[in-house]
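What follows is a single structure, written as structure tokens, with notes after it.
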Amino acid sequence: MSVGNAEPSQVTRRDPTAWKLASLPNDLDLASAESFCRQVAAAHYENFTVATHLVPADMRQDLANVYTFARWSDDLADESDGDATDALKAWLSGLEECFAGAPNHPVFVALSRTVERHDLTIQPFADLIDAFIQDQTVKRYESREQLLDYCRRSANPVGRIVLCLAKCQEKSQFELSDSICTGLQLVNFWQDVRRDHVAGRIYLPAEDMRRHGVTEAMLESTPAGSEFIALLTEEVAWAEACFDRGESLVKTAPTVLRPAISLFLEGGRGVADAIRRSGYDTLANRPTLHRIAKLRLAGQAAIGMMLSRMSNLFRGSFS
């Protein structure tokens, strides 16, 4: 896969916040709340929009509801006008009221319908908010174990929730999903080393940095030195090992989710490959997938979906 337009990584770019993408309903009407979530999901993230078309139509609203909750939480963490921690704690209280049957915000009105329909538990949603709260105070990670604990709450809950939407709650499937989601989080960290450093955060484990002789001051220098290149080579391999451990989920997850899982898995691998093609220098440039590569991935996932459906039809014909 080719590296697309390399973005200057010292510039922090964010999408518009969820509350700027669509008009927030003034009341707690379910239809309006769900419409708002669809608009946010459609406008915010290209890969998510593509993925929603790879799942059955009756799952798309639930995915939009979950996505909008996660996106709103993330935006509160990074774009709050006041104290982000206070805003996130208030959002957590709103989540608790949602699960108690008294949603007090349009996003929670929509989410409550998904929670009820699929008998979801509060823990993965609360874990996401907890990770965003942690981001307000924890700016460095000493070890890989500490970073994995963060990923357990910042990334893995999303995969588990999506599996639950397909009525899958098997521990083995959760573990495979965790590996993929952790890999996606890690490769995003390595893609955004310079951006995160400008924002005051370093996700590279400090013990790994010391082992390779990389100091924080080196993260301000471009092009990257050989020490950083060696460090990032190792970290990208770590992310790819996570993808390898979770790969079998593409074949064992509920059939309706397999094309979307394949899209995100191969997208993560594509970003890792883009970093490799850039010479592992994510201090000078932020490697991204070329749009053609993204379309190729989406096409491959769509073909996989059609083949799966055809296989099911033939299986039914001869059973």
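Inside region 87-145, can you point out the residues that are outside any helix (DSSP H, G or I), hydrophobic (A, V, I, L, M, F, W, C) and either in contact with an Asp or Glu (Cβ under 9 Å, 6 or more places away or on another chain) or closer than 21 Å to PHE36 by Cα (or both)? Write out each step before concluding.
Filtering region 87-145 for residues outside any helix (DSSP H, G or I) gives 100-105, 119-122, 136-143.
Retained after the next criterion (residues that are hydrophobic (A, V, I, L, M, F, W, C)): 100, 102, 120, 122, 138.
Across region 87-145, the qualifying residues are ALA102, ILE122.
Would you say ARG117 is loosely packed, with under 15 Cβ neighbours inside 10 Å, basic (Lys, Arg) and either at pLDDT below 95 or closer than 21 Å to LEU63 by Cα (or both)? Steps first, answer last, please.
Working: loosely packed, with under 15 Cβ neighbours inside 10 Å: yes; basic (Lys, Arg): yes; either at pLDDT below 95 or closer than 21 Å to LEU63 by Cα (or both): yes.
For ARG117, the condition - loosely packed, with under 15 Cβ neighbours inside 10 Å, basic (Lys, Arg) and either at pLDDT below 95 or closer than 21 Å to LEU63 by Cα (or both) - is met.
Which of (1) β-branched (Val, Ile, Thr); (2) over 28 Å from GLU207 (Cα atoms); (3) in contact with a Phe, Trp or Tyr (Cβ under 7 Å, 6 or more places away or on another chain) does ILE229 not meet, given it meets every other one?
(2)
So, PRO205, is that one surrounded by fewer than 22 Cβ atoms within 10 Å (Cβ to Cβ) and in contact with a Cys (Cβ under 6 Å, 6 or more places away or on another chain) or not?
On the way: surrounded by fewer than 22 Cβ atoms within 10 Å (Cβ to Cβ): yes; in contact with a Cys (Cβ under 6 Å, 6 or more places away or on another chain): no.
No: the conditions fail for PRO205.
I'd like to check something: does region 249-259 contain any residue that is crowded, with 21+ Cβ neighbours inside 10 Å, touching a Cys at 6+ places or on another chain (Cβ under 7 Å) and within 24 Å of GLY159 (Cα to Cα)?
Yes: one or more hits.
The values are calculated or read from the model by the stated rules, or taken from the named source; none is laboratory data. None of the values given here were measured: they were computed from a predicted structure. Ideal geometry is used to build each Cβ from the backbone, glycine not excepted, and the neighbour counts take in all protein chains shown.
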